[in-house]
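Heads up: the structure comes next, in structure tokens.
The values are calculated or read from the model by the stated rules, or taken from the named source; none is laboratory data. Predicted, not measured: the structure shown is a model, and the values here were computed from it. Cβ: placed from backbone, ideal geometry, glycine included. Neighbour counts: every protein chain shown. Note: accessible area is taken over every heavy atom of the protein model, side chains too, but ligands, DNA and RNA are not part of it. Shrake-Rupley method; radii C 1.70, N 1.55, O 1.52, S 1.80 Å.
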Amino acid sequence: MAEIQPLRGVLYDSNRVRPQEVLTQPYDKITPAMQAAYEQRSPYNLIRIELGRDLPGDDGAQNKYTRAASLYQQWLTEGILRRTAQPALYWLEQRFAPPGQTGTLTRHALIARVRLHRWEEGVILPHEHTLAKPKADRLALLRATRSQQGPIFMLYPNSLPAPAVGEPLFDFVDDFNVATRMWEITEPAVIASIQRALQPQTLYVADGHHRYETALAYRDEAGTEASRYVMAALVDMNDPGLIILPTHRAVGNLTGFDAGKFLHRLAMHFAVDACADLPATLTAMQSREHAIGMFVGGRFAVLTPRDVRAFAPLFQTKPALWDQLDVGLLHVAILEALLGIDEARLRDETHVTYWREPELACNEVQAGRAQLAFFLKPTPIRAVQAVADARSRMPQKSTDFYPKFLSGLVIYELQ
């Protein structure tokens with residue numbers, strides 16, 4: 001059963017700094033340009049801890065991780081960061097306009113500490129695979145700072161009542177134009193009711209698989225009571241503001257690629273319907289099942305399988321339910337079967353780049369940095385749940401939950 005507990009958080013003192021000047025996007029979403037902008041924004045911006053820079057002369061005794069640990073303690077001493085007086089849950093509201101859509105949505109989350117469980121225990125389930133390099137980086141930062149700067153993004157399937165709240169601790173707009181408010185919940189009766197509602201539920205990791213597995217590794221070596229938990233932002237699967245964006249693919253570095261021969265082989269398995277431009281392609285995809293957009297040779301098209309069942313032999317050695325996912329069909333029936341880009345080559349990241357904006361994937365092709373691009377529809381939230389329940393994993397970059405949870409809203413100490 002899931003164990004949800006309040007945490008004694010560390011917060012930025014909003015009387016000393018403005019949240020929008022010191023909080024950051026999660027580490028894996030920060031580009032070099034964003035890092036530079038965060039560094040310019042404030043000397044107390046969390047980027048200096050969350051994603052430090054390597055410097056000449058760094059070694060095991062002096063490096064970006066030791067500098068992060070020193071800064072963390074310095075900011076506590078200066079009062080820029082403050083430990084809260086008592087454990088609390090935190091209720092978060094995000095108001096935002098999804099990219100490429102009109103109107104404003106609102107999403108709510110509960111920030112708490114959640115007892116860690118290994119995947120095989122079935123209490124908390126993943127839906128994507130992880131890579132070794134990001135986990136090594138995050139583990140080094142955990143060891144140095146002994147704190148978690150941002151929450152894991154988790155989902156729960158059954159709704160719970162929104163708690164009554166008063167004045168928010170924070171109320172600001174971030175660098176992605178997301179309006180964020182956060183409240184502290186300390187009333188024992190309210191906390192107990194939330195714990196009872198979440199205890200019987202299975203939790204699902206939406207974002208933060210690397211950080212979750214890092215937390216497991218740190219728990220096993222640290223052995224402290226606090227390290228048995230991970231800070232998470234828990235979101236109701238039924239929340240109308242729960243948005244998953246598609247991640248599009250640009251494909252390049254293909255030796256001897258011939259667009260005509262590729263299209264001929266593709267047409268044996270997919271209906272290839274020409275479209276006038278990118279907007280027409282994206283529109284046509286919405287009304288079709290298993291529709292994949294494509295840009296190659298200066299032309300746009302929508303691909304739909306002639307018979308999904310015919311692909312069954314290709315999926316015999318693949319994880320469960322991949323044949324029901326658009327991203328699974330793309331990776332297995334097109335990238336691997338027709339272009340020779342298997343899972344090993346995907347991990348090497350030499351052929352495929354990933355883009356939230358379809359226009360940028362097109363630009364890669366038009367600029368000659370890629371040979372073709374593919375466009376996907378968002379993965380439905382229930383497909384995420386089904387894959388996790390089947391103890392399967394999706395291909396990488398199958399989901400892009402938007403918006404992200406900022407690092408630094410609450411810091412959780414693992415000592």
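Selection within region 266-284: residues that are closer than 22 Å to A337 by Cα and part of a helix (DSSP H, G or I). The member of this set that is most open to solvent (accessible area, probe 1.4 Å) is A267. For region 51-58, the criterion of a residue being open to solvent by 60 Å² or more (accessible area, probe 1.4 Å), free of Cβ contacts under 8 Å to residues at least 12 places away in the same chain, at positive phi and out of contact with any helix residue (DSSP H, G or I) (no Cβ under 6 Å at 6 or more places or on another chain) is satisfied by at least one position.
Reported count of residues in region 18-51, each being over 20 Å from D207 (Cβ atoms) and assigned to a helix (DSSP H, G or I), is 12.
Given the structure, is A386 in contact with a helix residue (DSSP H, G or I) (Cβ under 9 Å, 6 or more places away or on another chain), more than 20 Å from T283 (Cα to Cα), at pLDDT 95 or above and open to solvent by less than 50 Å² (accessible area, probe 1.4 Å)? Criteria met by A386. Of the residues in region 285-304, at least one is open to solvent by less than 80 Å² (accessible area, probe 1.4 Å) and over 30 Å from the mean Cα position of the chain (by Cα).
In region 59-90, the residue that is surrounded by the fewest Cβ atoms within 10 Å (Cβ to Cβ) out of those that are of a type in the set (S, T, Y) and closer than 26 Å to P6 by Cα is T77. Among residues of region 372-383 that are closer than 19 Å to I334 by Cβ, those with a beta-carbon under 6 Å from a residue that is open to solvent by less than 20 Å² (accessible area, probe 1.4 Å) and part of a loop (DSSP other than H, G, I, E, B) at least six positions away or on a different chain give the pairs T379/S398; T379/T399. Within region 1-41, the set of residues being over 21 Å from the mean Cα position of the chain (by Cα), open to solvent by 50 Å² or more (accessible area, probe 1.4 Å), more than 22 Å from R53 (Cβ to Cβ) and not basic (K, R) comprises M1, E3, S14, N15. Report whether or not V251 is open to solvent by less than 40 Å² (accessible area, probe 1.4 Å) and touching a strand residue (DSSP E or B) at 6+ places or on another chain (Cβ under 7 Å). Considered against the rule, which asks whether it is open to solvent by less than 40 Å² (accessible area, probe 1.4 Å) and touching a strand residue (DSSP E or B) at 6+ places or on another chain (Cβ under 7 Å), V251 comes out as yes.
Of all residues in region 158-185, those satisfying the criterion of being part of a strand (DSSP E or B) and closer than 24 Å to F401 by Cα are F170, D171, F172, V173, A179, T180, R181, M182, W183.
Of the listed requirements (1) more than 24 Å from S287 (Cα to Cα); (2) under 21 Å from the mean Cα position of the chain (by Cα), T317 misses just one: (2). The criterion of being open to solvent by 60 Å² or more (accessible area, probe 1.4 Å), in a loop (DSSP other than H, G, I, E, B) and not basic (K, R) holds for Q101.
Working only within region 255-265, note down all residues that are open to solvent by less than 60 Å² (accessible area, probe 1.4 Å) and under 14 Å from F300 (Cβ atoms). Matches in region 255-265: A259 only. Of everything listed in (1) in contact with a strand residue (DSSP E or B) (Cβ under 8 Å, 6 or more places away or on another chain); (2) closer than 30 Å to A88 by Cα, the single unmet condition for A197 is (1). Looking across A217, A232, A206, one residue alone is surrounded by 19 or more Cβ atoms within 10 Å (Cβ to Cβ), in contact (Cβ under 8 Å) with a residue 60 or more places away in the chain, out of contact with any Ser or Thr (no Cβ under 9 Å at 6 or more places or on another chain) and of a type outside the set (D, E). It is A232.
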